[in-house]
Amino acid sequence: MIEHTIKWRVKHFCTKWCPTLYFLIKYSRAARRLGGMELRQREAFRLFLSNAAKQEACLQIGVKDEFGGKFGANWVSVDKYDTRPFIDFQQDVQSLQFEDDRFGAIACIAVLEMVEDPQRAIQELYRVLKPGGEIWIQLPFNFPYMGGTDKTLRDYWRASPDGLRLWMRGFEEICCGNFQHVRSSLVNSTFYYGRKPQKECDSGSLQE
């Protein structure tokens with residue numbers, strides 16, 4: 001009874017005097033309890049990286065600080081503007097300078113929202129991915145606008161899982177969804193894990 005009274009008084013105080021903080025805490029707790037999709041995303045990404053480690057060459061578009069560089073020695077790193085030492089090539093994802101069917105796996109993270117024509121970029125990823133090769137696409141969904149006067153920050157697009165599936169038609173879906181960033185309760189992202197068909201006629205070519 002005493003414990004219940006204390007909880008009620010704390011809740012009453014917080015909702016009256018600092019409601020924003022109170023509901024942020026409640027939202028964060030709810031996100032942790034509903035973290036099934038986040039767990040699914042982590043497990044799927046681990047599987048993708050494990051499979052990619054067996055490939056001779058993999059392509060990484062957009063290397064973000066949270067990953068600390070390349071995913072492995074067999075990864076080729078590409079970014080249009082980034083000049084850090086581990087970036088191998090400065091290329092635009094919409095016009096990659098690689099031959100067809102070059103890579104056994106491709107990761108493109110937090111990039112498609114910043115290109116003018118994401119479907120053209122996906123066509124390029126399809127072109128350079130080997131038949132049977134796996135692809136991981138991830139981009140923000142509920143996320144602050146990141147655009148500005150800097151040419152490297154053009155923030156054009158957001159995509160729901162259904163929207164990302166439309167962009168990725170022609171690939172075979174392994175897993176697709178929207179997951180909460182538990183460390184930042186107000187932010188979530190969309191991901192797509194798939195593979196290029198062994199034969200283009202199986203699911204249709206993106207080149208058309």
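The values are calculated or read from the model by the stated rules, or taken from the named source; none is laboratory data. The structure presented is a predicted model; accordingly, all values stated were derived computationally and were not measured. Don't worry about glycine lacking a Cβ; one is built from the backbone with ideal geometry, like all the others, and counts go over all protein chains shown.
Numbers at a glance
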item	result
When residues of the range 60-88 are limited to those that are acidic (Asp, Glu) and over 17 Å from Arg46 (Cα atoms), the one modelled with the lowest pLDDT	Asp65
Long-range neighbours under 8 Å by Cβ, at least six apart or interchain, first residue closer than 14 Å to Ala57 by Cα within the range 119-136, second assigned to a helix (DSSP H, G or I)	Pro131/Glu200; Glu134/Phe48; Glu134/Asn51; Glu134/Ala52; Ile135/Leu125
Filter result (loosely packed, with under 13 Cβ neighbours inside 10 Å and farther than 24 Å from Glu56 by Cα) within the range 82-116	Thr83, Glu116
Leu96 being part of a strand (DSSP E or B), among the aliphatic types (A, V, I, L, M) and closer than 23 Å to Leu153 by Cβ	no
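Yes/no per residue for (1) assigned by TED's automatic domain parsing to the domain that holds Arg120; (2) over 21 Å from the mean Cα position of the chain (by Cα); (3) modelled with pLDDT under 95:
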{"position": "Lys11", "(1), (2), (3)": "no, yes, yes"}
{"position": "Thr20", "(1), (2), (3)": "no, yes, yes"}
{"position": "Leu39", "(1), (2), (3)": "yes, no, yes"}
{"position": "Glu43", "(1), (2), (3)": "yes, no, yes"}
{"position": "Cys58", "(1), (2), (3)": "yes, no, no"}
{"position": "Gln90", "(1), (2), (3)": "yes, no, yes"}
{"position": "Asp100", "(1), (2), (3)": "yes, yes, no"}
